[in-house]
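A short write-up of the structure that comes next.
The values are calculated or read from the model by the stated rules, or taken from the named source; none is laboratory data. Note that this is a predicted model, so its numbers are computed, not measured. Cβ: placed from backbone, ideal geometry, glycine included. Neighbour counts: every protein chain shown.
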């Protein structure tokens, strides 16, 4: 003989409660991972940078007026970054020094410095051991004759 209909139906509301509890638990775990994995901040002091926004725009305009160009090439087989620096007319930027940092945009880790060596007029190279492959922001600062040129580019490095 089968159990009465009323006794079989008393478990159905508890199944709904269990289902909602499972959904809430999974969403809570996903929120915890999302909040804890990336701060969303790229600069260490965003408020200070915001207050100096007009200075940043002026510096960018003076940088753009130089007309310097940077061509970069990543060579994964030798873990080497090659830079070719040229002026507005396409001539090599002889005597320029470069400071290069690799920044992982999705992780909170300190930037990796790359020591760049001059191998020819406007030609620089440096090697680095990447801790992880993927997207990296390459922050390049070029200095020559008291002038400063900065550029950031994103590259997939492996």
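Details
- Check on residue 73, outside any strand (DSSP E or B) and either out of contact with any strand residue (DSSP E or B) (no Cβ under 9 Å at 6 or more places or on another chain) or farther than 17 Å from residue 146 by Cα (or both): no
- In the range 54-70, the count of residues that are part of a helix (DSSP H, G or I), over 24 Å from the mean Cα position of the chain (by Cα), surrounded by 12 or more Cβ atoms within 10 Å (Cβ to Cβ) and at pLDDT 85 or above is one or more.
Conditions (1) closer than 17 Å to residue 73 by Cα; (2) under 17 Å from the mean Cα position of the chain (by Cα), marked per residue:
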{"position": "95", "(1), (2)": "no, no"}
{"position": "102", "(1), (2)": "yes, yes"}
{"position": "113", "(1), (2)": "yes, yes"}
{"position": "121", "(1), (2)": "yes, no"}
{"position": "133", "(1), (2)": "yes, yes"}
{"position": "153", "(1), (2)": "yes, yes"}
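Residue-wise test of (1) in a loop (DSSP other than H, G, I, E, B); (2) under 25 Å from residue 60 (Cα atoms).
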| site | (1), (2) |
| --- | --- |
| 77 | yes, no |
| 100 | no, yes |
| 109 | yes, no |
| 126 | no, no |
| 140 | no, yes |
| 150 | no, yes |
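- Taking every residue in the range 54-81 that is free of Cβ contacts under 8 Å to residues at least 12 places away in the same chain and pairing it with any residue that is surrounded by 10 or more Cβ atoms within 10 Å (Cβ to Cβ) and assigned to a strand (DSSP E or B), at least 6 positions away or on another chain, the pairs with Cβ-Cβ distances below 7 Å are 73/82; 75/82.
Conditions (1) under 18 Å from residue 86 (Cβ atoms); (2) at pLDDT 90 or above; (3) surrounded by 11 or more Cβ atoms within 10 Å (Cβ to Cβ), marked per residue:
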position: 118; (1), (2), (3): yes, yes, yes
position: 123; (1), (2), (3): yes, yes, yes
position: 128; (1), (2), (3): no, yes, yes
position: 143; (1), (2), (3): yes, yes, yes
position: 147; (1), (2), (3): yes, no, yes
position: 152; (1), (2), (3): no, yes, yes
position: 155; (1), (2), (3): no, yes, yes
